[in-house]
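What follows is a set of notes on a single structure, which appears directly below.
Coordinate-derived values only; no laboratory data. Please read all numbers here as calculations on a predicted model, not as lab measurements. Methodologically, a virtual Cβ is constructed for each residue, glycine included, from the backbone with ideal geometry; neighbour enumeration extends over all protein chains shown.
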Amino acid sequence: ERGMEMFSKELQILDRNTVKYMIDELQEELDSTKEELDSTKEELDTTKEELDTTKEELDTAYTTIANKDKSIADKDKALADKDNTISTNEKIIAQLTAELEAYKKQT
C-alpha cells in the first residue's frame with residue numbers, strides 16, 4: 001500500500017508538471033498570437049493613415065476640380081452673353097446697313 005501511495009504521489013506530481021507544461025505552452029502560444037495581432041494592428045493603423053492622407057488629397061483635388069468647373073461654367077455663360085450681344089449687334093448693323101442703302105437710293 002505504501003508503494004501505491006508513493007506511486008500515487010508521483011502520478012500527482014507528474015500530472016501537475018504536465019498541466020504546468022501545457023499551461024506554459026498555451027501561454028507561449030497566446031503571447032505569440034498577441035504579438036501577431038499587435039503587428040497586424042500596427043499595419044492596419046499605418047494603412048488607415050495612408051488612406052486618410054489619400055482621402056484628404058482626393059478631397060482637395062475634388063474641391064479644386066469643382067472650383068475649376070464653376071469657373072468654366074461662369075466663363076461659358078459670359079461667352080454666351082457675348083455671343084448674344086454680338087448677334088444682336090450684327091442684326092442692328094444689318095438693319096442700319098439696309099436703312100442706309102435705302103436712304104442712298106432715295107437720294
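The angle between the Cα long axis of helix 2-106 and the main principal axis of the chain comes to about 0°, on a 0 to 90 degree scale.
For a straight C-alpha distance cut-off of 30 angstrom, the lysines reachable from Lys34 (same-chain residues fewer than eight places away being disregarded) are Lys20, Lys48. Modelled this way, with points 7 Å down the Cα-to-C-beta line, the labels at Asn67 and Asp81 are 2.2 nm from one another. The alpha carbons of region 43-96 occupy a box of 78, 8, 6 Å along the principal axes, longest dimension given first.
Within the straight-line cut-off of under 19 Å between alpha carbons, the aspartates and glutamates reachable from Lys91 are Asp81, Asp83, Glu99, Glu101, sequence neighbours fewer than 8 places apart in one chain being disregarded. With the gyration tensor restricted to C-alpha atoms of the chain, the semi-axes of the equivalent ellipsoid amount to 101, 9, 5 Å, longest first.
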